[in-house]
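Peer 1: One structure coming up, written as C-alpha cells, with questions to follow.
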Amino acid sequence: MAFLIFDFDGTIADTLGAIVRITNRIAPEYGYSPTTPEKLKYYQSLSTQEMLKQSEIPLFRLPFLLRRVRKEMTDELPKVSVAADLPEALRELVAQGHQLMVMSSNSRRNIESFLLQHDISNVFESVQGGVGLLSKARVLKRIVQKGGLDFSQVIYVGDETRDVDASNQVGILVAAVTWGFSSREALAAQDPAFLIDHPRQLIGAAQTLVNPSWVRKDYRDRPTANKPR
C-alpha cells in the first residue's frame, strides 16, 4: 500500500486562472506589476527559487500576500474545475487500497469546500491546509513521522518545482504533474521520481511501491512517466 499526499492548487484544482485574477486585482495594493500572459509563461519555466529571486515582492511580504490570496480564493473556488480525469484516478487508487490525503498552502476550509463540491471528499483521509510557501518540507516530514509511515512508501503529488524540492529534502518520492503551474520542462529539470502527464499514471506510480519489480507494460512504455530511481 502506498500513501499519496496531494498538493491542491494546480494538482487537484485548476486554480491557475483564479490565482492570476486575484493577484492582478490586488497588485496595486502590494506594489507589484500585474501578470501578463507572457510573464506567466516565463514564470512557469523557472524554478521556485529563480522565480522568488526575480519577484517584485519582498520575501517578508509573501506570507501576507498568501493569506490574502487564500481569502480571495473563497469566492473564486465555486467557478474552478477539478483537474480533468483526476476523480476517476483517485477513486481507483482508493479501490486498490492506497491511502490519500491533501497538504497545501491553501486553507483547509477552501480545500474541503472544493472537494465536497466535486464529490471527492471521501477519497481523502485528511486535509492539512495553511502550509507556508516554503514550509512544505517541514510539514511533509512531520506528517510522515507522526503517521509512523515508511518513507519509501510515500509519494508527494504536486505541480511546482518547490514540491519536488520539498520531497527531496524529506527523502520521499515525488510525482510531478504537468497540468499545473510549472512547465513540463521546468519539472523535468528537477528530476522527479515520476513525471505525470495524465492522472491514470498515478496508479502505475503507486503500484511500483507496492511491488517495485512489477511495472505494468502500459506504464513502462510511456515516455512521459519516469520510474523510481
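The values are calculated or read from the model by the stated rules, or taken from the named source; none is laboratory data. Computed from a predicted structure; not experimentally measured. Here Cβ is always computed from backbone atoms with ideal geometry, including for glycine, and neighbour counts include all displayed protein chains. Heads up: the accessible areas ignore ligands, DNA and RNA and are worked out on the full protein's heavy atoms, side chains in. Shrake-Rupley method; radii C 1.70, N 1.55, O 1.52, S 1.80 Å.
Peer 1: Since residue 10 meets every condition but one in (1) touching an Asp or Glu at 6+ places or on another chain (Cβ under 7 Å); (2) at negative phi, which condition does it not meet?
Peer 2: So the condition that residue 10 fails would be (2).
Peer 1: Answer with yes or no whether residue 186 is touching a strand residue (DSSP E or B) at 6+ places or on another chain (Cβ under 6 Å), of a type outside the set (Asp, Glu) and under 27 Å from residue 37 (Cα atoms).
Peer 2: Taking the combined requirement at face value, the residue does not satisfy it.
Peer 1: Mind checking which residues of the range 136-151 are farther than 22 Å from residue 89 by Cβ and either touching a helix residue (DSSP H, G or I) at 6+ places or on another chain (Cβ under 6 Å) or of a type outside the set (Lys, Arg) (or both)?
Peer 2: 136, 137, 139, 141, 144, 145, 147, 148, 150, 151 - these are the residues of the range 136-151 that are farther than 22 Å from residue 89 by Cβ and either touching a helix residue (DSSP H, G or I) at 6+ places or on another chain (Cβ under 6 Å) or of a type outside the set (Lys, Arg) (or both).
Peer 1: Further, regarding this structure: Hey, which of the helices (runs of 4 or more DSSP H) in the range 1-70, taking only ones fully inside, have at least 3 residues that are open to solvent by 40 Å² or more (accessible area, probe 1.4 Å)?
Peer 2: Qualifying helices (runs of 4 or more DSSP H): 16-25, 37-44, 48-54.
Peer 1: Considering only the range 71-85, how many residues are among the acidic types (Asp, Glu), surrounded by fewer than 16 Cβ atoms within 10 Å (Cβ to Cβ) and either in contact (Cβ under 8 Å) with a residue 60 or more places away in the chain or in contact with a Pro (Cβ under 6 Å, 6 or more places away or on another chain) (or both)?
Peer 2: 1
Peer 1: Something else about it: I'd like the residue in the range 115-143 that is free of Cβ contacts under 8 Å to residues at least 24 places away in the same chain and more than 16 Å from the chain's Cα centre (by Cα) and, out of all such residues, is least open to solvent (accessible area, probe 1.4 Å).
Peer 2: Within the range 115-143, the match that is least open to solvent (accessible area, probe 1.4 Å) is 121.
Peer 1: Let me ask something else. Where the second residue is basic (Lys, Arg) and open to solvent by 60 Å² or more (accessible area, probe 1.4 Å) and the first is over 14 Å from residue 181 (Cβ atoms) and lies in the range 48-70, which pairs have Cβ atoms under 9 Å and are six or more apart or on separate chains?
Peer 2: Within 9 Å, the pairs are 70/109.
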